[in-house]
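Visitor: Handing you this structure, nothing more for now.
The values are calculated or read from the model by the stated rules, or taken from the named source; none is laboratory data. Please read these numbers as outputs of a predicted model, since none were measured by experiment. Positions of Cβ are backbone-derived with ideal geometry, glycine not excepted, and every protein chain shown enters the neighbour counts. Quick note on the areas: whole protein, heavy atoms, side chains included, nothing else; ligands and nucleic acids left out. Shrake-Rupley method; radii C 1.70, N 1.55, O 1.52, S 1.80 Å.
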Amino acid sequence: MAQEKESKTKGDGDCSAEATATLVRHTSQLAKENLCREDSAIAVTRDHEVSQIILKRNLSLAGGSSLVIGAIIGSGLFMLPDFIYMETGGSPLMSLTVWFVGGIVAFFGSICYAELATSINVSGGEQAYLTKMYCPLVGFLFVWTNTLILNPGGLAAISLYCSEYIVVNIQNGYSKNGTELSKDLANQSPYIKGAFAILIVGVASLINALSAELGDKMNQLFAVVKVGAIGVICSIGAYWLVKGEWSQFDTPYVAPNSTFNGAINGLMLSMWAYGGWSFLSWVTEEIINPDRNIPLSLFIGITVVCAVYILFNFAIFCGPIIVHEIGDSPFILLYAKTAWGGWGWFFASFCILTATYGAVSSNTISTTRFYHACARDGHLPRALSLCLPSRSTPIVAIIFNFVCTSIYIIAGKHASDVVDTVMYAQWVYFVLVFVGLLILRYKRPNMRRPFRAPLIIPIIQTILSLVMVLSPFFEKSVDSDDYFPNLAMKYGAVVGSIITGIPFYLLCIYKRTRLGIFDKLSGDLAKGCKHLGFQ
(Lines give C-alpha, C1' and ligand atoms only; values in the text may rest on other atoms or scores of the structure.)
Protein backbone atom coordinates (compact mmCIF):
# COMPACT_ATOMS: atom_id res chain seq x y z
CA MET A 1 0.00 0.00 0.00
CA ALA A 2 2.77 2.41 0.92
CA GLN A 3 4.56 1.67 -2.34
CA GLU A 4 1.33 2.21 -4.31
CA LYS A 5 0.68 5.50 -2.55
CA GLU A 6 4.24 6.65 -3.23
CA SER A 7 3.86 5.73 -6.89
CA LYS A 8 0.58 7.65 -7.16
CA THR A 9 2.08 10.71 -5.52
CA LYS A 10 5.02 10.59 -7.89
CA GLY A 11 2.71 10.34 -10.88
CA ASP A 12 0.65 13.31 -9.75
CA GLY A 13 3.80 15.32 -9.29
CA ASP A 14 4.99 14.50 -12.80
CA CYS A 15 1.73 15.81 -14.26
CA SER A 16 2.34 19.31 -12.98
CA ALA A 17 6.10 19.35 -12.53
CA GLU A 18 6.75 22.23 -14.85
CA ALA A 19 3.96 24.47 -13.49
CA THR A 20 4.91 23.66 -9.90
CA ALA A 21 8.56 24.45 -10.55
CA THR A 22 7.59 27.78 -12.06
CA LEU A 23 5.45 28.67 -9.05
CA VAL A 24 8.15 27.65 -6.60
CA ARG A 25 10.81 29.67 -8.38
CA HIS A 26 8.65 32.77 -8.54
CA THR A 27 7.42 32.47 -4.98
CA SER A 28 10.97 31.94 -3.76
CA GLN A 29 12.06 35.05 -5.63
CA LEU A 30 9.38 37.10 -3.90
CA ALA A 31 10.30 35.67 -0.50
CA LYS A 32 13.99 36.41 -0.96
CA GLU A 33 13.23 40.01 -1.84
CA ASN A 34 11.06 40.27 1.30
CA LEU A 35 8.32 42.19 -0.46
CA CYS A 36 6.11 44.21 1.84
CA ARG A 37 2.89 43.38 0.08
CA GLU A 38 0.89 40.57 1.63
CA ASP A 39 -0.90 39.61 -1.57
CA SER A 40 2.17 39.77 -3.83
CA ALA A 41 2.65 36.02 -4.11
CA ILE A 42 -1.07 35.53 -4.64
CA ALA A 43 -1.18 38.23 -7.31
CA VAL A 44 1.60 36.56 -9.26
CA THR A 45 0.75 32.89 -8.80
CA ARG A 46 -3.03 32.80 -8.84
CA ASP A 47 -3.03 32.17 -12.60
CA HIS A 48 0.25 30.48 -13.42
CA GLU A 49 -1.06 29.26 -16.75
CA VAL A 50 -1.28 32.84 -17.95
CA SER A 51 1.89 34.35 -16.54
CA GLN A 52 4.68 31.77 -16.53
CA ILE A 53 7.34 34.02 -18.02
CA ILE A 54 9.12 36.21 -15.49
CA LEU A 55 10.58 39.41 -16.93
CA LYS A 56 14.32 39.41 -16.39
CA ARG A 57 16.17 41.87 -14.22
CA ASN A 58 18.24 43.56 -16.92
CA LEU A 59 18.07 47.26 -15.96
CA SER A 60 21.31 48.38 -14.34
CA LEU A 61 21.98 51.76 -12.74
CA ALA A 62 22.84 53.15 -16.18
CA GLY A 63 19.69 51.64 -17.66
CA GLY A 64 17.47 53.01 -14.89
CA SER A 65 19.00 56.49 -15.11
CA SER A 66 18.65 56.44 -18.91
CA LEU A 67 14.99 55.42 -18.56
CA VAL A 68 14.31 58.40 -16.27
CA ILE A 69 16.20 60.84 -18.51
CA GLY A 70 14.66 59.40 -21.66
CA ALA A 71 11.12 59.47 -20.28
CA ILE A 72 11.35 63.09 -19.09
CA ILE A 73 13.37 64.92 -21.73
CA GLY A 74 11.06 64.98 -24.70
CA SER A 75 8.66 67.37 -26.35
CA GLY A 76 8.04 69.47 -23.23
CA LEU A 77 11.52 71.01 -23.32
CA PHE A 78 10.78 72.47 -26.77
CA MET A 79 7.03 73.04 -26.55
CA LEU A 80 6.80 74.94 -23.29
CA PRO A 81 9.57 77.54 -22.72
CA ASP A 82 7.78 80.21 -24.76
CA PHE A 83 4.43 79.52 -23.02
CA ILE A 84 6.03 79.65 -19.56
CA TYR A 85 7.80 82.87 -20.55
CA MET A 86 4.48 84.45 -21.46
CA GLU A 87 2.72 83.10 -18.34
CA THR A 88 5.36 84.79 -16.17
CA GLY A 89 4.74 88.15 -17.84
CA GLY A 90 7.86 88.12 -20.02
CA SER A 91 10.36 87.94 -17.15
CA PRO A 92 13.35 85.69 -17.97
CA LEU A 93 14.42 85.43 -14.33
CA MET A 94 10.94 84.47 -13.12
CA SER A 95 10.68 81.98 -15.97
CA LEU A 96 13.96 80.38 -14.87
CA THR A 97 12.66 80.32 -11.30
CA VAL A 98 9.57 78.43 -12.42
CA TRP A 99 11.75 75.85 -14.16
CA PHE A 100 13.92 75.51 -11.04
CA VAL A 101 10.90 75.10 -8.74
CA GLY A 102 9.50 72.51 -11.15
CA GLY A 103 12.76 70.60 -10.83
CA ILE A 104 12.55 70.74 -7.03
CA VAL A 105 8.98 69.40 -7.11
CA ALA A 106 10.07 66.56 -9.42
CA PHE A 107 13.06 65.82 -7.18
CA PHE A 108 10.89 65.68 -4.04
CA GLY A 109 8.43 63.46 -5.87
CA SER A 110 11.20 61.09 -6.93
CA ILE A 111 12.38 60.83 -3.30
CA CYS A 112 8.88 59.76 -2.25
CA TYR A 113 8.70 57.25 -5.09
CA ALA A 114 12.14 55.89 -4.19
CA GLU A 115 10.78 54.95 -0.76
CA LEU A 116 7.64 53.38 -2.20
CA ALA A 117 9.41 51.47 -4.97
CA THR A 118 11.95 49.94 -2.58
CA SER A 119 9.43 49.05 0.12
CA ILE A 120 6.63 47.82 -2.19
CA ASN A 121 9.02 46.11 -4.56
CA VAL A 122 6.75 45.11 -7.44
CA SER A 123 6.13 46.56 -10.88
CA GLY A 124 3.00 48.58 -11.56
CA GLY A 125 3.89 51.73 -9.64
CA GLU A 126 0.85 53.63 -8.48
CA GLN A 127 -1.46 50.70 -9.14
CA ALA A 128 0.37 48.62 -6.53
CA TYR A 129 0.85 51.54 -4.14
CA LEU A 130 -2.76 52.78 -4.19
CA THR A 131 -4.07 49.23 -3.78
CA LYS A 132 -1.97 48.77 -0.65
CA MET A 133 -2.62 52.28 0.71
CA TYR A 134 -6.38 52.32 0.22
CA CYS A 135 -8.18 49.47 -1.51
CA PRO A 136 -8.20 47.61 -4.85
CA LEU A 137 -10.84 49.98 -6.25
CA VAL A 138 -8.53 53.01 -5.98
CA GLY A 139 -5.72 51.06 -7.60
CA PHE A 140 -8.03 50.02 -10.42
CA LEU A 141 -9.22 53.61 -11.01
CA PHE A 142 -5.62 54.63 -11.58
CA VAL A 143 -5.24 51.76 -14.04
CA TRP A 144 -8.50 52.74 -15.74
CA THR A 145 -7.51 56.41 -16.03
CA ASN A 146 -4.04 55.53 -17.30
CA THR A 147 -5.35 53.08 -19.84
CA LEU A 148 -8.01 55.46 -21.17
CA ILE A 149 -6.19 58.81 -20.89
CA LEU A 150 -2.73 59.20 -19.40
CA ASN A 151 -0.63 56.61 -21.20
CA PRO A 152 -1.97 56.82 -24.76
CA GLY A 153 -2.62 60.57 -24.50
CA GLY A 154 0.87 61.42 -23.26
CA LEU A 155 2.60 59.19 -25.79
CA ALA A 156 0.44 60.59 -28.60
CA ALA A 157 1.35 64.17 -27.63
CA ILE A 158 5.09 63.40 -27.77
CA SER A 159 4.91 61.53 -31.08
CA LEU A 160 2.74 64.23 -32.69
CA TYR A 161 5.22 66.90 -31.69
CA CYS A 162 8.07 64.84 -33.14
CA SER A 163 6.07 64.33 -36.32
CA GLU A 164 5.42 68.07 -36.69
CA TYR A 165 9.11 68.80 -36.99
CA ILE A 166 9.75 65.94 -39.37
CA VAL A 167 7.12 67.45 -41.68
CA VAL A 168 8.57 70.95 -41.22
CA ASN A 169 11.99 69.76 -42.35
CA ILE A 170 10.52 67.87 -45.31
CA GLN A 171 8.87 71.15 -46.38
CA ASN A 172 12.30 72.88 -46.50
CA GLY A 173 11.49 74.90 -43.41
CA TYR A 174 15.12 76.03 -43.07
CA SER A 175 14.59 78.42 -45.98
CA LYS A 176 11.60 80.18 -44.41
CA ASN A 177 11.12 82.85 -41.76
CA GLY A 178 9.18 82.58 -38.50
CA THR A 179 5.85 83.75 -39.93
CA GLU A 180 6.00 81.25 -42.77
CA LEU A 181 6.94 78.45 -40.39
CA SER A 182 4.02 79.26 -38.10
CA LYS A 183 1.65 78.99 -41.05
CA ASP A 184 3.23 75.70 -42.10
CA LEU A 185 2.76 74.25 -38.63
CA ALA A 186 -0.84 75.45 -38.45
CA ASN A 187 -1.68 74.15 -41.93
CA GLN A 188 0.03 70.78 -41.78
CA SER A 189 -2.10 67.93 -43.02
CA PRO A 190 -3.33 65.98 -39.98
CA TYR A 191 -3.17 62.78 -42.04
CA ILE A 192 0.50 63.17 -42.95
CA LYS A 193 1.42 64.27 -39.44
CA GLY A 194 -0.58 61.43 -37.92
CA ALA A 195 1.03 58.88 -40.25
CA PHE A 196 4.52 59.94 -39.19
CA ALA A 197 3.50 59.89 -35.52
CA ILE A 198 2.11 56.35 -35.81
CA LEU A 199 5.31 55.30 -37.62
CA ILE A 200 7.43 56.70 -34.76
CA VAL A 201 5.46 54.79 -32.13
CA GLY A 202 5.52 51.67 -34.32
CA VAL A 203 9.32 51.71 -34.64
CA ALA A 204 9.78 52.14 -30.88
CA SER A 205 7.28 49.34 -30.23
CA LEU A 206 9.00 46.99 -32.67
CA ILE A 207 12.44 47.55 -31.13
CA ASN A 208 11.14 46.92 -27.63
CA ALA A 209 9.22 43.85 -28.80
CA LEU A 210 12.30 42.29 -30.36
CA SER A 211 14.38 42.40 -27.20
CA ALA A 212 14.24 43.98 -23.76
CA GLU A 213 18.03 44.30 -23.82
CA LEU A 214 17.92 46.03 -27.21
CA GLY A 215 15.31 48.50 -25.96
CA ASP A 216 17.46 49.23 -22.89
CA LYS A 217 20.59 49.80 -25.00
CA MET A 218 18.70 52.09 -27.36
CA ASN A 219 17.41 54.08 -24.39
CA GLN A 220 20.92 54.53 -23.04
CA LEU A 221 22.17 55.60 -26.47
CA PHE A 222 19.41 58.16 -27.00
CA ALA A 223 19.79 59.51 -23.45
CA VAL A 224 23.48 60.23 -24.06
CA VAL A 225 22.91 61.64 -27.55
CA LYS A 226 20.01 63.90 -26.54
CA VAL A 227 21.82 65.33 -23.50
CA GLY A 228 24.93 65.96 -25.61
CA ALA A 229 22.94 67.55 -28.42
CA ILE A 230 21.02 69.81 -26.03
CA GLY A 231 24.35 70.74 -24.46
CA VAL A 232 25.53 71.97 -27.84
CA ILE A 233 22.34 74.00 -28.22
CA CYS A 234 23.00 75.48 -24.78
CA SER A 235 26.42 76.60 -26.01
CA ILE A 236 24.56 79.10 -28.20
CA GLY A 237 23.82 80.97 -25.00
CA ALA A 238 27.51 81.17 -24.21
CA TYR A 239 28.10 82.42 -27.74
CA TRP A 240 25.60 85.26 -27.31
CA LEU A 241 26.96 86.10 -23.86
CA VAL A 242 30.43 86.51 -25.31
CA LYS A 243 28.92 88.88 -27.88
CA GLY A 244 27.25 90.84 -25.08
CA GLU A 245 23.67 89.86 -26.02
CA TRP A 246 22.14 89.52 -22.55
CA SER A 247 20.00 92.64 -22.30
CA GLN A 248 16.89 90.49 -21.76
CA PHE A 249 17.94 90.00 -18.15
CA ASP A 250 17.50 93.72 -17.54
CA THR A 251 13.76 93.01 -17.32
CA PRO A 252 12.48 93.26 -13.70
CA TYR A 253 12.16 89.96 -11.87
CA VAL A 254 8.43 90.63 -11.39
CA ALA A 255 7.27 91.99 -14.72
CA PRO A 256 4.42 94.57 -14.72
CA ASN A 257 1.91 92.08 -16.12
CA SER A 258 3.04 89.13 -13.97
CA THR A 259 0.34 87.45 -11.86
CA PHE A 260 0.25 84.74 -9.24
CA ASN A 261 -2.06 82.66 -11.40
CA GLY A 262 0.34 83.05 -14.30
CA ALA A 263 3.21 81.75 -12.16
CA ILE A 264 1.08 78.76 -11.08
CA ASN A 265 0.13 78.08 -14.69
CA GLY A 266 3.78 78.26 -15.65
CA LEU A 267 4.64 75.81 -12.88
CA MET A 268 1.95 73.43 -14.11
CA LEU A 269 3.43 73.59 -17.60
CA SER A 270 6.93 72.96 -16.28
CA MET A 271 5.65 69.93 -14.38
CA TRP A 272 4.34 68.55 -17.66
CA ALA A 273 7.88 68.92 -19.02
CA TYR A 274 9.25 67.14 -15.93
CA GLY A 275 6.64 64.39 -16.16
CA GLY A 276 8.00 60.86 -16.31
CA TRP A 277 9.97 60.60 -13.06
CA SER A 278 7.38 58.13 -11.75
CA PHE A 279 7.81 55.70 -14.66
CA LEU A 280 10.76 53.88 -13.09
CA SER A 281 8.39 52.45 -10.48
CA TRP A 282 6.49 50.72 -13.28
CA VAL A 283 9.47 48.49 -14.10
CA THR A 284 10.68 47.75 -10.57
CA GLU A 285 10.88 43.99 -11.09
CA GLU A 286 13.31 44.43 -14.01
CA ILE A 287 15.83 46.55 -12.08
CA ILE A 288 19.02 44.89 -10.86
CA ASN A 289 19.57 45.42 -7.11
CA PRO A 290 16.47 47.67 -6.77
CA ASP A 291 17.18 48.76 -3.19
CA ARG A 292 20.30 50.54 -4.43
CA ASN A 293 19.63 51.31 -8.07
CA ILE A 294 16.09 52.72 -7.83
CA PRO A 295 17.00 55.69 -5.56
CA LEU A 296 20.27 56.32 -7.40
CA SER A 297 18.64 56.13 -10.83
CA LEU A 298 15.98 58.63 -9.79
CA PHE A 299 18.46 61.05 -8.20
CA ILE A 300 20.90 60.91 -11.13
CA GLY A 301 18.13 61.18 -13.71
CA ILE A 302 16.29 64.10 -12.09
CA THR A 303 19.54 65.99 -11.41
CA VAL A 304 20.65 65.68 -15.04
CA VAL A 305 17.21 66.68 -16.34
CA CYS A 306 16.95 69.70 -14.03
CA ALA A 307 20.42 70.92 -15.06
CA VAL A 308 19.62 70.46 -18.76
CA TYR A 309 16.29 72.30 -18.48
CA ILE A 310 17.68 75.31 -16.63
CA LEU A 311 20.75 75.65 -18.87
CA PHE A 312 18.58 75.28 -21.96
CA ASN A 313 16.17 78.00 -20.86
CA PHE A 314 19.03 80.25 -19.80
CA ALA A 315 20.55 79.83 -23.26
CA ILE A 316 17.41 80.88 -25.14
CA PHE A 317 17.29 84.15 -23.19
CA CYS A 318 20.89 85.00 -24.14
CA GLY A 319 20.42 86.30 -27.65
CA PRO A 320 18.61 88.68 -29.98
CA ILE A 321 15.47 86.54 -30.22
CA ILE A 322 12.76 87.09 -27.63
CA VAL A 323 10.40 84.14 -27.20
CA HIS A 324 7.14 86.08 -27.21
CA GLU A 325 8.07 87.75 -30.51
CA ILE A 326 8.09 84.37 -32.23
CA GLY A 327 4.60 83.30 -31.19
CA ASP A 328 3.76 79.77 -32.22
CA SER A 329 6.73 79.23 -34.54
CA PRO A 330 9.44 76.67 -33.69
CA PHE A 331 11.57 79.17 -31.79
CA ILE A 332 14.47 76.83 -30.99
CA LEU A 333 15.00 76.14 -34.70
CA LEU A 334 15.03 79.85 -35.52
CA TYR A 335 17.27 80.48 -32.54
CA ALA A 336 19.88 77.99 -33.76
CA LYS A 337 19.52 79.27 -37.33
CA THR A 338 20.16 82.84 -36.19
CA ALA A 339 23.37 81.78 -34.43
CA TRP A 340 24.76 79.24 -36.89
CA GLY A 341 22.78 79.55 -40.12
CA GLY A 342 21.42 76.50 -41.96
CA TRP A 343 23.73 74.14 -40.06
CA GLY A 344 22.18 75.33 -36.79
CA TRP A 345 18.70 74.60 -38.14
CA PHE A 346 19.54 71.01 -38.99
CA PHE A 347 21.37 70.40 -35.72
CA ALA A 348 18.45 71.76 -33.69
CA SER A 349 16.10 69.53 -35.71
CA PHE A 350 18.32 66.54 -34.90
CA CYS A 351 18.21 67.53 -31.23
CA ILE A 352 14.40 67.68 -31.22
CA LEU A 353 14.00 64.38 -33.04
CA THR A 354 16.41 62.45 -30.80
CA ALA A 355 14.84 63.91 -27.65
CA THR A 356 11.28 63.16 -28.66
CA TYR A 357 11.98 59.70 -30.08
CA GLY A 358 13.94 58.81 -26.94
CA ALA A 359 10.95 59.85 -24.87
CA VAL A 360 8.64 57.71 -27.03
CA SER A 361 10.93 54.71 -26.54
CA SER A 362 11.20 55.17 -22.75
CA ASN A 363 7.44 55.68 -22.45
CA THR A 364 6.85 52.52 -24.46
CA ILE A 365 9.02 50.44 -22.12
CA SER A 366 7.48 51.74 -18.90
CA THR A 367 3.88 51.77 -20.13
CA THR A 368 3.91 48.23 -21.46
CA ARG A 369 5.42 46.93 -18.22
CA PHE A 370 2.66 48.77 -16.37
CA TYR A 371 0.02 46.98 -18.45
CA HIS A 372 1.82 43.67 -17.90
CA ALA A 373 1.82 44.09 -14.10
CA CYS A 374 -1.81 45.26 -13.95
CA ALA A 375 -2.99 42.34 -16.09
CA ARG A 376 -1.09 39.93 -13.87
CA ASP A 377 -2.90 41.40 -10.85
CA GLY A 378 -6.32 41.07 -12.52
CA HIS A 379 -6.98 44.77 -13.23
CA LEU A 380 -6.65 44.35 -16.99
CA PRO A 381 -7.40 41.42 -19.34
CA ARG A 382 -5.07 38.53 -18.60
CA ALA A 383 -3.75 38.39 -22.15
CA LEU A 384 -1.77 41.60 -21.52
CA SER A 385 0.48 39.68 -19.12
CA LEU A 386 1.59 37.24 -21.81
CA CYS A 387 5.15 37.29 -23.14
CA LEU A 388 7.24 35.78 -25.88
CA PRO A 389 9.15 32.88 -24.25
CA SER A 390 12.22 33.42 -26.43
CA ARG A 391 12.50 37.15 -25.73
CA SER A 392 10.78 37.71 -22.37
CA THR A 393 9.05 40.85 -23.63
CA PRO A 394 5.37 41.69 -22.92
CA ILE A 395 4.50 41.54 -26.59
CA VAL A 396 0.70 41.63 -26.15
CA ALA A 397 0.96 44.74 -23.95
CA ILE A 398 3.25 46.36 -26.55
CA ILE A 399 0.69 45.74 -29.30
CA PHE A 400 -2.12 47.03 -27.08
CA ASN A 401 -0.16 50.18 -26.26
CA PHE A 402 0.54 50.81 -29.96
CA VAL A 403 -3.14 50.47 -30.88
CA CYS A 404 -4.37 52.77 -28.07
CA THR A 405 -1.77 55.43 -28.86
CA SER A 406 -2.62 55.29 -32.56
CA ILE A 407 -6.26 55.97 -31.74
CA TYR A 408 -5.28 59.10 -29.79
CA ILE A 409 -2.99 60.22 -32.61
CA ILE A 410 -5.81 59.91 -35.13
CA ALA A 411 -8.26 61.70 -32.82
CA GLY A 412 -5.91 64.54 -31.79
CA LYS A 413 -5.17 67.22 -34.38
CA HIS A 414 -2.30 68.80 -32.43
CA ALA A 415 -0.09 67.65 -29.57
CA SER A 416 -1.42 70.44 -27.37
CA ASP A 417 -4.95 69.05 -27.69
CA VAL A 418 -4.18 66.21 -25.27
CA VAL A 419 -1.82 67.98 -22.83
CA ASP A 420 -4.53 69.54 -20.64
CA THR A 421 -6.47 66.29 -20.68
CA VAL A 422 -3.51 64.35 -19.34
CA MET A 423 -1.96 66.85 -16.93
CA TYR A 424 -4.66 67.31 -14.30
CA ALA A 425 -5.74 63.69 -14.23
CA GLN A 426 -2.13 62.79 -13.41
CA TRP A 427 -1.83 65.17 -10.47
CA VAL A 428 -5.05 63.99 -8.86
CA TYR A 429 -3.48 60.57 -8.40
CA PHE A 430 -0.16 62.05 -7.30
CA VAL A 431 -2.02 63.63 -4.37
CA LEU A 432 -3.45 60.24 -3.41
CA VAL A 433 0.00 58.62 -3.59
CA PHE A 434 1.72 61.22 -1.40
CA VAL A 435 -1.10 61.19 1.16
CA GLY A 436 -0.98 57.40 1.09
CA LEU A 437 2.75 57.47 1.84
CA LEU A 438 2.00 59.43 5.01
CA ILE A 439 -0.77 56.95 5.88
CA LEU A 440 1.64 54.03 5.52
CA ARG A 441 4.14 55.82 7.75
CA TYR A 442 1.44 56.06 10.43
CA LYS A 443 -0.22 52.65 10.05
CA ARG A 444 2.89 50.59 9.26
CA PRO A 445 5.86 52.20 11.02
CA ASN A 446 7.80 48.90 11.01
CA MET A 447 7.34 48.28 7.30
CA ARG A 448 10.58 47.37 5.49
CA ARG A 449 11.98 50.60 3.99
CA PRO A 450 15.45 50.24 2.45
CA PHE A 451 15.23 53.92 1.55
CA ARG A 452 13.34 56.34 3.79
CA ALA A 453 12.45 59.88 2.69
CA PRO A 454 12.59 62.66 5.32
CA LEU A 455 9.06 63.14 6.64
CA ILE A 456 8.94 66.80 5.64
CA ILE A 457 9.33 65.93 1.94
CA PRO A 458 6.07 63.95 1.47
CA ILE A 459 4.28 66.65 3.49
CA ILE A 460 5.61 69.42 1.23
CA GLN A 461 4.90 67.34 -1.84
CA THR A 462 1.31 66.75 -0.74
CA ILE A 463 0.74 70.49 -0.31
CA LEU A 464 2.33 71.34 -3.66
CA SER A 465 0.31 68.66 -5.41
CA LEU A 466 -2.92 70.00 -3.92
CA VAL A 467 -2.01 73.46 -5.21
CA MET A 468 -1.53 71.97 -8.68
CA VAL A 469 -4.87 70.17 -8.59
CA LEU A 470 -6.85 73.15 -7.28
CA SER A 471 -5.17 75.86 -9.38
CA PRO A 472 -7.85 75.85 -12.15
CA PHE A 473 -10.38 77.20 -9.63
CA PHE A 474 -8.30 80.39 -9.35
CA GLU A 475 -7.20 80.84 -12.96
CA LYS A 476 -10.21 82.95 -13.89
CA SER A 477 -12.86 85.03 -12.21
CA VAL A 478 -16.02 83.18 -11.23
CA ASP A 479 -18.00 85.80 -13.11
CA SER A 480 -16.19 85.19 -16.40
CA ASP A 481 -18.09 83.38 -19.13
CA ASP A 482 -15.49 80.64 -19.55
CA TYR A 483 -14.94 79.89 -15.85
CA PHE A 484 -17.00 76.69 -15.75
CA PRO A 485 -16.03 75.54 -19.28
CA ASN A 486 -12.40 75.91 -18.19
CA LEU A 487 -13.02 73.72 -15.14
CA ALA A 488 -14.82 71.18 -17.28
CA MET A 489 -11.87 71.01 -19.67
CA LYS A 490 -9.33 70.60 -16.85
CA TYR A 491 -11.23 68.05 -14.75
CA GLY A 492 -13.54 66.45 -17.28
CA ALA A 493 -11.21 63.60 -18.15
CA VAL A 494 -10.44 62.50 -14.59
CA VAL A 495 -14.05 62.88 -13.42
CA GLY A 496 -15.30 60.97 -16.42
CA SER A 497 -12.80 58.17 -15.86
CA ILE A 498 -13.87 57.82 -12.22
CA ILE A 499 -17.58 57.86 -13.08
CA THR A 500 -17.13 55.14 -15.69
CA GLY A 501 -14.46 53.20 -13.79
CA ILE A 502 -16.41 52.54 -10.59
CA PRO A 503 -19.33 50.65 -12.19
CA PHE A 504 -16.93 48.77 -14.47
CA TYR A 505 -14.91 47.65 -11.45
CA LEU A 506 -17.98 46.59 -9.49
CA LEU A 507 -19.46 44.65 -12.39
CA CYS A 508 -16.37 43.19 -14.06
CA ILE A 509 -13.46 43.17 -11.59
CA TYR A 510 -14.90 42.87 -8.08
CA LYS A 511 -15.18 39.14 -7.37
CA ARG A 512 -18.62 39.11 -5.76
CA THR A 513 -20.33 40.88 -8.65
CA ARG A 514 -18.02 39.94 -11.52
CA LEU A 515 -19.75 39.35 -14.84
CA GLY A 516 -19.05 35.93 -16.27
CA ILE A 517 -18.84 37.35 -19.77
CA PHE A 518 -15.85 39.51 -18.81
CA ASP A 519 -13.95 36.53 -17.43
CA LYS A 520 -14.89 34.48 -20.47
CA LEU A 521 -13.75 37.12 -22.95
CA SER A 522 -10.56 37.69 -20.99
CA GLY A 523 -9.85 33.97 -20.84
CA ASP A 524 -10.67 33.41 -24.52
CA LEU A 525 -8.34 36.25 -25.50
CA ALA A 526 -5.57 34.74 -23.39
CA LYS A 527 -6.10 31.31 -24.92
CA GLY A 528 -6.07 32.77 -28.41
CA CYS A 529 -2.76 34.51 -27.72
CA LYS A 530 -1.36 31.25 -26.32
CA HIS A 531 -2.19 29.48 -29.57
CA LEU A 532 -0.04 32.08 -31.32
CA GLY A 533 2.94 31.09 -29.17
CA PHE A 534 2.67 33.58 -26.29
CA GLN A 535 2.98 32.42 -22.69
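Visitor: Could you please tell me which pairs satisfy a Cβ distance under 8 Å, a separation of 6+ or placement on different chains, a first residue in segment 114-126 that is under 19 Å from R376 (Cβ atoms) and of a type in the set (V, I, T), and a second residue that is modelled with pLDDT of 90 or more and open to solvent by less than 10 Å² (accessible area, probe 1.4 Å)?
Guide: Sorted first by the residue in segment 114-126, then by its partner, the pairs are I120/Y129.
Visitor: Here is a further query. Does segment 286-309 contain at least one residue that is of a type in the set (S, T, Y), in a helix (DSSP H, G or I), open to solvent by 10 Å² or more (accessible area, probe 1.4 Å) and modelled with pLDDT of 85 or more?
Guide: Yes, segment 286-309 contains at least one residue that is of a type in the set (S, T, Y), in a helix (DSSP H, G or I), open to solvent by 10 Å² or more (accessible area, probe 1.4 Å) and modelled with pLDDT of 85 or more.
Visitor: Let me ask you something else. Given G266, G228, G276, G262, which one is of a type in the set (G, A, S) and out of contact with any helix residue (DSSP H, G or I) (no Cβ under 8 Å at 6 or more places or on another chain)?
Guide: G228
Visitor: Check off (1) open to solvent by less than 10 Å² (accessible area, probe 1.4 Å); (2) at pLDDT below 85; (3) closer than 20 Å to S60 by Cβ; (4) not aromatic (F, W, Y) for G319 and give me the number that stays unchecked.
Guide: Answer for G319: the failing condition is (3).
Visitor: In segment 454-481, how many are in contact with a Phe, Trp or Tyr (Cβ under 7 Å, 6 or more places away or on another chain) and modelled with pLDDT of 80 or more?
Guide: Within segment 454-481, residues that are in contact with a Phe, Trp or Tyr (Cβ under 7 Å, 6 or more places away or on another chain) and modelled with pLDDT of 80 or more number 8.
Visitor: Inside segment 477-505, can you point out the residues that are open to solvent by 80 Å² or more (accessible area, probe 1.4 Å) and either outside any helix (DSSP H, G or I) or touching a residue at least 40 places away in the same chain (Cβ under 8 Å) (or both)?
Guide: Hits for segment 477-505 are V478, D479, D481, M489.
Visitor: Moving on. Kindly indicate the residue of segment 237-261 that is of a type in the set (G, A, S) and modelled with pLDDT under 75 and also least open to solvent (accessible area, probe 1.4 Å) among those meeting that condition.
Guide: Looking at residues that are of a type in the set (G, A, S) and modelled with pLDDT under 75, I get A255.
Visitor: Out of the residues in segment 86-97 that are open to solvent by less than 10 Å² (accessible area, probe 1.4 Å) and more than 12 Å from T259 (Cα to Cα), state the one that is modelled with the lowest pLDDT.
Guide: P92
Visitor: Looking at (1) under 15 Å from W282 (Cβ atoms); (2) open to solvent by less than 10 Å² (accessible area, probe 1.4 Å), which one does T147 not meet, given that it meets all the others?
Guide: Going through the list (1) under 15 Å from W282 (Cβ atoms); (2) open to solvent by less than 10 Å² (accessible area, probe 1.4 Å), T147 breaks only (2).
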